[in-house]
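Report on the structure given below.
Please treat every number below as a calculation from the coordinates, not as lab data. Small disclaimer: the values here were computed from a predicted structure and weren't measured. All Cβ positions, glycine included, derive from the backbone under ideal geometry; neighbour counts span all protein chains shown.
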Amino acid sequence: MKKIVLLLICFMLSFTAGFVSAKGPLRIFVENREVKNNGEYIIKDEKVYVSEDALKRDFGFNIFYDKNENKVRLYNTKKISLEGRAKLFEEFAEYYEPKISDEAAELWAKGVKDRNGVLQYAILNKGLKEKFKTMAEEHGSWVTGFSSPWVESYKVTKKKVNQSTWEYKIVFKAVTSAPEAYTWNATLIISKEDNKWRIIDIQKDFDIM
């Protein structure tokens, strides 16, 4: 009888192990990207446990345990890196100096066409920079404009307002995958701020953020 019971137990263990291996290891997706799982992710008691190595590798988190205070601190290294890069860019934008006012207008127009908020930001005056930065942070991205319609081309014309100020009119041609085409218009006033050419006013009939 004992032999029969022992054989039944061995069979059940073998069957269970075969069933688990048939399902394979737990597959893990971070957003739409599959990441490897060599035991760093497990499910136990209806909870998902993630190892420190996986948090570093897949999410960019560094973890520090303070034994004295019994605290765990998580630092997002990717976020810290991005914040550092953003600060360096903002410093560059303050020092960036277009040689002529035309350069500032062209850079802004290219930024609109390429949906690049960085290019647009670089040649704004201080007041407009603050407004743009606030909108970008609320938007959660420095990518501006739309995936559709998108700007295919633009034309820039200018006129002199006074000795140190120029007015630029920019007409954008926006298109979609359909035959329709749209015309967007913007007027820039460009003058000197701290002896650098900067956009001091923008009037436009479209929203880019």
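Observations on the model:
- Exceedance of the 23 Å cut-off in Cα-Cα distance is limited, within the set Lys47/Lys78; Lys71/Lys133; Lys87/Lys155; Lys110/Lys196; Lys160/Lys204; Lys133/Lys192, to Lys47/Lys78; Lys71/Lys133; Lys87/Lys155.
- In order along region 94-99, the Karplus-derived 3J(HN,Hα) couplings, from 6.51 cos²θ - 1.76 cosθ + 1.60 at θ = phi - 60°, round to 5, 8, 4, 9, x, 5 Hz, and Gly and Pro are given as x.
- Size descriptor, Kirkwood hydrodynamic radius, that averages inverse alpha-carbon separations across the chain, Å: 22.4
- Residues whose placed amide H lies under 5 Å from that of Trp142, excluding near-sequence neighbours: none
- Packing rank of 134-146, 165-177, where each peptide gets the mean count of other beta carbons within 10 Å, highest leading: 165-177, 134-146
- Sorted fewest first by neighbouring Cβ atoms within 10 angstrom, Glu193, Glu91 come out as Glu91, Glu193.
- Listed values for region 134-151 are Karplus-derived 3J(HN,Hα) couplings in whole Hz (6.51 cos²θ - 1.76 cosθ + 1.60, θ = phi - 60°), namely 4, 5, 5, 5, 5, 6, x, 6, 9, 7, 10, x, 10, 6, 7, x, 10, 7, and x replaces Gly and Pro.
- Helical runs (DSSP H, four residues minimum) scored at -39500 (n - 2.57) apiece and divided by the length of the chain put the mean residue ellipticity at 222 nm at -12500 deg cm²/dmol.
- By average C-beta atoms within 10 angstrom, highest first, the peptides 61-72, 147-158: 147-158, 61-72
- Taking every alpha-carbon pair within region 68-185, the share separated by more than 24 Å comes to 42 percent.
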